[in-house]
Each structure stands twice: as C-alpha cells, then as structure tokens.
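Working notes, structure below.
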Amino acid sequence: MSRSVRDVEKIAEEYLSKLSSNGEIREIIARLEISRREPHIEPTCSIEEVGRAFYSLVDSSIEKFSYVDTSSLIIRPLKEIVIEEKDVENVWSLAAPDEDPHLALIAKYGDNRGAYVRVRSGSKIGPVRTCYVTKLTGTVQLVHNVYVVEDDAELQVLSTCTSSRDALDIYHISLTEVIVGRNSRFTMIMYHNWNETTKLWSSLRVSAGPESRIVLIYVTHSPIEKAYDQVIVRLSENASATSSSVIYGRRGRYHTETTTILEGRNASSILISRMLSAEKARIESVSKIVARGEGSRGHIECLGVPLDDSSIITSVPILEAHRTDVQLSHEAAIGKFSEEEITYLTTKGLDENEAMQLLIRGFVSIDLEEVPPTLRKVVERIVDELVRRSAV
Amino acid sequence: MSLIIEDLHVESSGREILRGIDLEVKEGETHIIVGPNGAGKSSLLYTIAGIPKYVVKKGRIILNSEDITRLQPHERVRRGLCLMHQFQPQIKTIKVSDLENILISKFGINELAVKAREILEIDNLRNRYLFTNMSGGERKRLELYLTLLTNPKIVLLDEPDSGVDVDSLVKISEVINLIISSSLTCILVTHRGDIVNMLRKVDRVHVMCNGKIVESNGKDMLDRVLKSGFRKICERLRDKRE
Ligand SMILES: Nc1ncnc2c1ncn2[C@@H]1O[C@H](COP(=O)(O)OP(=O)(O)OP(=O)(O)O)[C@@H](O)[C@H]1O
Ligand SMILES: [Mg+2]
C-alpha cells in the first residue's frame, strides 16, 4: 500500500462522515471528542525490564512505556515513529482506514497510541508484554501497534487485556499489524479478561514472509457484552501458521473470524478453535483458509461443547481452493462430552464434577510444544483459571 | 473386603439383563466368572461398580456389611471397590499422566500400584492420551494399572487377558498374583483357562448364562466347562425354566 501515513487520518474522516447513520459509531465518536488525554511517557529502560510489560495503556493514556533502542531491538511509541516519518512504510500497510468503521476510528482518533516494535535481523526477543487496562466507565480505548520482525529473527509477545469490575460500558478497539520477514518466527498470546459491559473489537493482521513460522494463541474466558475478533494472516512461500483459539463464553456475544491466506508455494496453516458456552452466551467462530499457492495445505479443527441449553454455538469452517494441487480439510463437531467418558472416569473414583473438569481441561488445552517455557506457564495458568471458573 | 450379592435383578435400556444373581465373595478370595458372550458378566461387574445405566430393580449389593446398592460409582471407589473395564474409551484429550496424577493425589501412593507400574511397563505410556491408538495389550496393561492406583481392597477384573499376547499375559497375571497375595478380594471374568492356570489361588468358579449364575464350583470345573462348551450347562438352565 503506497498510501502515506499522513493521508490516513483524512481518509478515515471522510469515511466516518459517510457513516453518520451508524448509531454506535456516532456514540463512540461523541465520547472520543469529549475526552482527550496526553500520553504519559516514561524514560528509557533496559532490555531486561522489557520482559515484564514494556507498555501499558490504561484507559486512553499510556501509563508506562519502556523505550528500547539497541542493535537488536527498537521499542518506541508508534506516535513518535509517525511524527518523525521514520520506518513508517509498515504503518497501515496491512489494513486500510476505510475498510471498517473501527479502523477509521483508530485512524482518526487513536492518536497512534500503541507501540512500534522492531526486531533486528538475527535477534531473538521475548517474551515482551503489552497490557491494556480500562478503569473508567465509558472509556473508548483505541490501540494501534506495529510489530516488525526482520529476516532470521524472532519475536514473542504476550498481550493481556483486562478491565476493572466497576468500569462499565467500555470499548476496546485495536489494530495490530505484524510484518514478519524471511525465515523468522512470531509467537503471540492474546488473553482477554474483560467485564460483562465491555465491547471489544480487535483486528490482528500478519504478513508472514517466506519460510516464516507464525504461532497465535487466543484465550478468552470472561463474560463480555460483545466481542469481535479478527485475525488475518497472509503467508508467503513455505511459511506456516498455527492459530489456536479457546473461548469459554458466558453471557454476551462472541464472534471470531480467523483467516489465513496461503499465497506462496507450499504455505500451510492449521486453525484450531475450541468453544465452551454457558449462561446464554452466543459464540460464532468462522475459520477460513484460502489456498492460492502451489501445493499449499491447510486444516481447520473446530470443536464446541455447550455446557447448558441456554447458549448457542455456531461454527463455520470455510475452505477456499484456487488450484487443483492444494490440500484442505476440516473437522467440526459440536456436542457435549460423551457419557461413556464421564462414566469411565467416575468408575476410577472421580465425582461427576471432577470428571467434567478434567474433560474440560483436556478439551481446552492447547498444544504448547512450540511455545517458549515462560509463556507456556502463563497459558497454563490461564487455562487453570478457565477450568476453575467452569466448575459447576 | 467381602461382597455379598442378593437376588440381583438389573435392567438396562428397558431390557432385563440380570435375572436374580446371588453371589458371596469373602475377604481375600479369588472368584472366576465364565460364560458365553452376552451372558451378562460385564453387566454384573458394571452393576457392582455402580454405573447408573444398569438399573437395579430388585436385590442388594453389600460391601463389608454396608448396603452400597444406591451409591454412585466414585463413592464405591472410595470404599475400596474398583472395576477394570473390558473396554476403555479412547479419550484423546486427557493424558495418561494427568489422570495418574489425579488418582495419586486422591488415593495416595500404594505399593501394589508402584510394583504394577514396573511390571506393566507403564512409563512408555505416560505421555500418551488415554487409550488413544493403543494396542490391545497396552490398553489392558494401562487399565489394570489405573485400577490399582485407586488403592482398592476389592477388584473386579473384566477380561484382563483378552486380546493380549503371551508376554503381556505373563505380566498381567504376575500383577494379578500380587493382588491375590496382598489379600485383596478379586472377581475375574475370563474366556480362557490359561490365565486361571497361572494364578496362585482360585477359590471358586461361577458359570453365567443368560443373566444368571447357573453353576458354582471349585477350579476343577473350569477345565471341564471350557472343554465341553457352555451349551449343555446353559441348556440345563432353560430346561429348569420350562
Ligand atoms: N446398556 C445396555 N443396554 C441394552 N442391552 C445391554 C446393555 N448392556 C448390555 N446389554 C445386553 O446384555 C447382555 C449381556 O451383556 P454383557 O456385556 O454383560 O455380556 P458379557 O457376558 O460380558 O459378554 P462378553 O463375553 O461378550 O463380554 C447382552 O445381550 C447385551 O447386548
Ligand atoms: Mg463382557
């Protein structure tokens, strides 16, 4: 995309003006016009400290930002990158501001609040943490991150989101663009833990260079009012991606759309989704693989277990082949845990509740073989929490 | 631990499957149950283990003078009664080690299980998923080990010898002999004489046909029955009914 970053705001403005009939977007804009706070920025810190959260966004101000500028890693506020017009070719390179109203809001009102991370060729960085918190009722949190992983490099990111119990009626709207170079690796764990008045819209765009490896893990287990999560990964030659998402939905509406586009020769992807629903939750999960590259391969696995009769799970696997030599498959199933399995476990001394919990744990456990040990522990803790909450 | 079964009538899916079973197994005894396919051997063990699908219409199950007829399966396990299933479900999401850890934390470590782990070569199976893509012998060995992890005082073994090769059979019978010499009470269902001949002690053999025990006797009866088949003995039951 050859659009200049300076144009982005203008495009967004025009696009938004055409959407004046969209009540929700109007409401968000009104809120954004009222409150505008300046980001608070901390001084430079060492690489070791980046291991913990290098940046946290509380409501709409950056409460903490750790600068890094070394031969292996750059971490700076995105805003500075845009103002200096340095390295900006990657900003808004994977998304357009007039593609969706939420993206337009980020472009026009987001003030480039977010991080720019660049991992230099040959370096291995991680895990770095980002943290999004909402504390004020009515907050609209807009986030835009850009991560660049140069050739032969690696970046691991842990992104956690949370809102305080008494912060009501919150919007979290985010865009993360990830550009991964040749023979590089990108791992990202996203953990959502909001409250039930939160409305979430998030988009993750990844461009995966030749021979690169992308591992995405997404876990949400909190009640939420409305969640929309979009992941789009474009894969070049011999690149591969695995995306695993676990949603334990209670109350509220959850909609996830994960798309991988196998553009290059022998590109491959596996999309795994596990859904548990209860308490009137509605979960919709769309997984899509588009195979354009010669010999590209993909597999989708969507499994859902409704834990009660009040909730709804919709699972949509989509396979799209543009050639004859591609290999695409999917496996989708929705149904409760088998009686036979529960019975077996009870005859080994577990009560029904314990048997259910063990089955739930197994069901949501993600293959963590490729995840570095520090992040693995985090995911295991999150899964523990999920299983604990599922206890009847 | 002793087990007494009195006039047990059981239905499943609306069908009468057990039609008046009486059985007494004293503490430390080893009893063998044989009978043709479909006789109700597994159903009897399922009912003793408390699987809800097997509905007791009449009669009682008494464990150490406590009536356990209405107890849930896990409550029976807690009292020391555990079933080794004939068929195990493949649970492709649960690792063997996960269930193992849970059972150890619930029931503690017991010496018998530790020995069984060695003999049954469980270490190779620990990272696999429960019974998933396991061979016949691997399943039986694992199931026997998991049964012993519950620290039982009475075990119900449903065809521990079916579908296993000679080497596995030797290992499995070695463990059953440990069970016997630890003075555990044991009920074993089998179709074959060879495992029985490998056991250090057999107190009684029962023949089941069509939901009933038709004959109970010493070990000598087994060779006779296995040689001549069940037809005659089962027909006698039919004649009696007519
Ligand atoms: N849940 C059930 N619902 C309906 N019928 C059942 C059920 N379980 C068992 N049966 C029937 O009860 C009878 C006894 O079955 P069971 O499995 O107890 O036999 P078995 O003696 O163990 O046979 P085998 O030697 O083949 O293992 C069979 O006719 C079987 O089809
Ligand atoms: Mg049977």
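The values are calculated or read from the model by the stated rules, or taken from the named source; none is laboratory data. Keep in mind that what you see is a predicted model, and the values were worked out from it rather than measured. For neighbour counting, all protein chains shown are included, and Cβ atoms are generated from backbone atoms with ideal geometry for every residue, glycine included.
Brief remarks on what is shown
- Test: residue in region B:104-111 that is within 28 Å of B:K26 (Cα to Cα) and either within 9 Å of chain A (Cβ to nearest Cβ) or surrounded by 17 or more Cβ atoms within 10 Å (Cβ to Cβ) (or both): yes
- For B:S181, the conditions (1) of a type in the set (S, T, N, Q); (2) surrounded by 18 or more Cβ atoms within 10 Å (Cβ to Cβ); (3) without any contact (Cβ under 8 Å) to a residue 40 or more places away in the chain are fulfilled apart from (2).
- Qualifying residue in region B:184-203 (condition: touching a residue at least 40 places away in the same chain (Cβ under 8 Å), polar (S, T, N, Q) and buried (at least 19 other Cβ atoms within 10 Å of the Cβ)): yes
- Residues considered: A:I283, A:I289. Of these, the only one that is under 22 Å from A:S310 (Cβ atoms), β-branched (V, I, T), surrounded by 24 or more Cβ atoms within 10 Å (Cβ to Cβ) and touching a residue at least 24 places away in the same chain (Cβ under 8 Å) is A:I283.
- Apart from one condition, B:I48 fits all of (1) touching a helix residue (DSSP H, G or I) at 6+ places or on another chain (Cβ under 6 Å); (2) under 27 Å from B:G193 (Cβ atoms); (3) within 14 Å of chain A (Cβ to nearest Cβ); the exception is (1).
- Among the candidates A:G304, A:G298, the residue that is under 30 Å from A:N238 (Cα atoms), touching a residue at least 12 places away in the same chain (Cβ under 8 Å) and either in contact with a Ser or Thr (Cβ under 9 Å, 6 or more places away or on another chain) or assigned to a helix (DSSP H, G or I) (or both) is uniquely A:G298.
- Which listed residue, of B:I172, B:I213, B:I154, is within 15 Å of ligand 1 (Cβ to nearest atom), in contact (Cβ under 8 Å) with a residue 24 or more places away in the chain and either over 18 Å from the mean Cα position of the chain (by Cα) or surrounded by 17 or more Cβ atoms within 10 Å (Cβ to Cβ) (or both): B:I213
- Residue list for region B:1-17, restricted to those being within 16 Å of ligand 2 (Cβ to nearest atom) and of a type in the set (A, V, I, L, M, F, W, C): B:V10, B:I17
- Residue check for B:L142: within 22 Å of B:H191 (Cα to Cα), more than 16 Å from ligand 2 (Cβ to nearest atom) and of a type outside the set (F, W, Y): yes
- Test for B:T93: is it within 30 Å of A:S365 (Cα to Cα) and of a type in the set (S, T, N, Q): yes
- Going through (1) within 16 Å of ligand 1 (Cβ to nearest atom); (2) in contact (Cβ under 8 Å) with a residue 60 or more places away in the chain; (3) within 27 Å of B:L103 (Cβ to Cβ); (4) in contact with a strand residue (DSSP E or B) (Cβ under 6 Å, 6 or more places away or on another chain) one by one, B:V207 falls short only on (3).
- In this structure, A:A104 does satisfy being of a type in the set (G, A, S) and over 20 Å from A:S207 (Cα atoms).
- Look at region A:342-354: where a residue is over 10 Å from B:P52 (Cβ atoms) and facing chain B (nearest Cβ under 7 Å) and a partner is in a loop (DSSP other than H, G, I, E, B) and among the hydrophobic types (A, V, I, L, M, F, W, C), sitting 6+ places away or on another chain with Cβ atoms under 8 Å, you get A:T347/B:I51.
- Check on B:G20, away from ligand 2 (no atom under 16 Å from the Cβ), of a type in the set (G, A, S), in contact with a Lys or Arg (Cβ under 7 Å, 6 or more places away or on another chain) and over 21 Å from B:V205 (Cβ atoms): no
- All positions within region B:65-99 that are of a type in the set (D, E, K, R), within 11 Å of another protein chain (Cβ to nearest Cβ) and farther than 15 Å from B:P152 by Cα: B:K92, B:K95, B:D98
- For region B:73-100, a residue qualifies if it is more than 16 Å from ligand 2 (Cβ to nearest atom), within 24 Å of B:E24 (Cβ to Cβ), surrounded by fewer than 21 Cβ atoms within 10 Å (Cβ to Cβ) and not basic (K, R), and the qualifying residues are B:E75, B:G80.
- So A:I125, is it without any contact (Cβ under 8 Å) to a residue 40 or more places away in the chain and crowded, with 18+ Cβ neighbours inside 10 Å: no
- Here region B:163-206 is the region considered, the condition is being within 16 Å of ligand 2 (Cβ to nearest atom) and modelled with pLDDT of 95 or more, and the residue that is farthest from the other protein chains (Cβ to nearest Cβ) is B:H206.
- Unique match (being over 17 Å from the mean Cα position of the chain (by Cα) and crowded, with 21+ Cβ neighbours inside 10 Å) among A:Y116, A:Y132, A:Y109: A:Y109
- Just one of the listed residues (A:L158, A:L94, A:L175, A:L142) is part of a strand (DSSP E or B), touching a Lys or Arg at 6+ places or on another chain (Cβ under 7 Å) and closer than 30 Å to A:E237 by Cβ, namely A:L158.
- Listed by first and then second residue, the pairs with beta-carbon distance under 9 Å, at least 6 apart or on different chains, first residue in region B:38-65 and within 16 Å of ligand 2 (Cβ to nearest atom), second assigned to a loop (DSSP other than H, G, I, E, B) and of a type in the set (D, E), are B:K41/B:E159; B:S42/B:E159.
- The criterion of at least 2 residues that are out of contact with any Asp or Glu (no Cβ under 7 Å at 6 or more places or on another chain), under 20 Å from B:G211 (Cβ atoms) and within 14 Å of ligand 1 (Cβ to nearest atom) is met, among strands (runs of 3 or more DSSP E) falling completely within region B:2-114, by B:3-12, B:15-25, B:30-34.
- Scanning region A:268-304 for residues that are on the phi > 0 side of the Ramachandran plot and out of contact with any Asp or Glu (no Cβ under 6 Å at 6 or more places or on another chain) returns A:E279, A:K280.
- Residue that is nearest to the chain's Cα centre (by Cα) [pool: residues in region B:32-68 that are polar (S, T, N, Q) and crowded, with 17+ Cβ neighbours inside 10 Å]: B:S42
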